[in-house]
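Data first, discussion second: the structure below is written as structure tokens.
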Amino acid sequence: MGHTVGILYPGFSAEDDYPQMERVLGDVSLPVVHTLMREDAHRVDALLDIGGPDVLAEGARKLRDLGVSTAIWACTSGSFVFGRQGAAEQVAGVEQAAGVPASSTSFAFVNAVRHLGVRRVAVAATYPADVAERFSGFLRESGIEVVALSCRGIITAAEVGTLGRDEVLGFVAANDHTDAEAVLVPDTALHTVAWLDDLDERLGKPVLTANQVSVWEGLRLAGDHGLRSGAGTLFRTEAA
């Protein structure tokens, strides 16, 4: 078995994407620790609480006990709502508590976009508009041009987790843009791992999803740059 990437996951919605990714990749262990979600809401105040330092430190200490190689805060909205500086401080707290290199899904998106060598992206977000705008701002602050931003307006992670293959493919395809070199789908509550190659094929360009980039980022931090099939363009592509 290869590296063990510890996943800090808020509540319960699409956490089964991680055992699915273990099956796809075959040589990676992805233990999931569920962090406290006092309120399931894609609302800024609730997201600031979900990503609070006390909540994440408790989960990170559990990952330390599991002997993970790296730790990922697998919540996009619960990281980008803090802004780049706040999200960096959040990761530093996880790193300190887990005792291993750490990152979050928001930074994973930025690093994955850079890995692919693209600059212009479309965002297909399940969030309400005000939350989606904050992700767009995080990307722009990171030097990535957002050419289109769409919002599905779903409040709870639980509801997002019920969306099936046809709904996910249809939603992402409908919110592509001709100027976008890749499409970003930023919610770890959304099931996508089983359909990563389908998404890329449907759109004819890389589609980056939250649970996908979270695993990729954890492997990157562990120094594992091996190419793998079945998990989308990102895992098949050498660094640009």
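The values are calculated or read from the model by the stated rules, or taken from the named source; none is laboratory data. This structure is a prediction, so every number in the text was calculated from the model and none was measured. With ideal geometry, Cβ positions are generated from the backbone for all residues, glycine too; neighbour counts draw on all protein chains shown. Ligands, DNA and RNA are stripped out before the accessible areas are found, and what is left, the full protein with its side chains, is counted by its heavy atoms. Shrake-Rupley method; radii C 1.70, N 1.55, O 1.52, S 1.80 Å.
Could you look through segment 32-47, keep only residues that are out of contact with any Phe, Trp or Tyr (no Cβ under 8 Å at 6 or more places or on another chain), outside any helix (DSSP H, G or I) and in contact (Cβ under 8 Å) with a residue 12 or more places away in the chain, and pick out the one that is farthest from THR233 (Cα to Cα)?
Filtering first and then ranking leaves ARG38.
Keeping to segment 224-240, report how many residues are open to solvent by 50 Å² or more (accessible area, probe 1.4 Å) and either of a type in the set (Asp, Glu) or not in a helix (DSSP H, G or I) (or both). Write out each step before concluding.
If we filter segment 224-240 for residues that are open to solvent by 50 Å² or more (accessible area, probe 1.4 Å), which is where we start, we get 225, 227, 229, 236, 238-240.
With either of a type in the set (Asp, Glu) or not in a helix (DSSP H, G or I) (or both) added as a condition, the list becomes 225, 227, 229, 238-240.
Count: 6.
Is at least one residue of segment 48-56 touching a strand residue (DSSP E or B) at 6+ places or on another chain (Cβ under 7 Å), under 18 Å from GLY99 (Cα atoms) and either touching a residue at least 24 places away in the same chain (Cβ under 8 Å) or part of a helix (DSSP H, G or I) (or both)?
Scanning segment 48-56 turns up at least one residue that is touching a strand residue (DSSP E or B) at 6+ places or on another chain (Cβ under 7 Å), under 18 Å from GLY99 (Cα atoms) and either touching a residue at least 24 places away in the same chain (Cβ under 8 Å) or part of a helix (DSSP H, G or I) (or both).
Name the residues in segment 79-89 that are touching a residue at least 24 places away in the same chain (Cβ under 8 Å) and either over 15 Å from the mean Cα position of the chain (by Cα) or surrounded by fewer than 21 Cβ atoms within 10 Å (Cβ to Cβ) (or both), would you?
PHE82, GLY83, ARG84
Checking GLU95 against (1) out of contact with any strand residue (DSSP E or B) (no Cβ under 6 Å at 6 or more places or on another chain); (2) open to solvent by 60 Å² or more (accessible area, probe 1.4 Å), only one condition comes out false. Which one?
Only one criterion in (1) out of contact with any strand residue (DSSP E or B) (no Cβ under 6 Å at 6 or more places or on another chain); (2) open to solvent by 60 Å² or more (accessible area, probe 1.4 Å) is unmet by GLU95, namely (1).
Which residues, taken from segment 94-125, are of a type in the set (Val, Ile, Thr) and farther than 19 Å from LEU149 by Cα? Let's see the steps before the verdict.
Quick first cut of segment 94-125, residues of a type in the set (Val, Ile, Thr) only: 94, 100, 105, 110, 113, 118, 121, 123.
Within segment 94-125, VAL94, VAL100 meet the criteria.
Here are some conditions: (1) open to solvent by 10 Å² or more (accessible area, probe 1.4 Å); (2) in contact with a Gly (Cβ under 9 Å, 6 or more places away or on another chain); (3) touching a residue at least 60 places away in the same chain (Cβ under 8 Å); (4) among the hydrophobic types (A, V, I, L, M, F, W, C). ALA129 meets all but one. Which one does it not meet?
(3) is the only condition that ALA129 fails.
Among the residues of segment 96-109, is there at least one that is at pLDDT below 95 and in contact with a Pro (Cβ under 7 Å, 6 or more places away or on another chain)? Show your work before the answer.
The initial filter retains those residues of segment 96-109 that are at pLDDT below 95, namely none.
No.
Could you list, in sequence order, all residues of segment 60-78 that are at pLDDT 95 or above, in a helix (DSSP H, G or I) and open to solvent by less than 10 Å² (accessible area, probe 1.4 Å)?
Listed by number, the residues that qualify are ALA60, LEU63.
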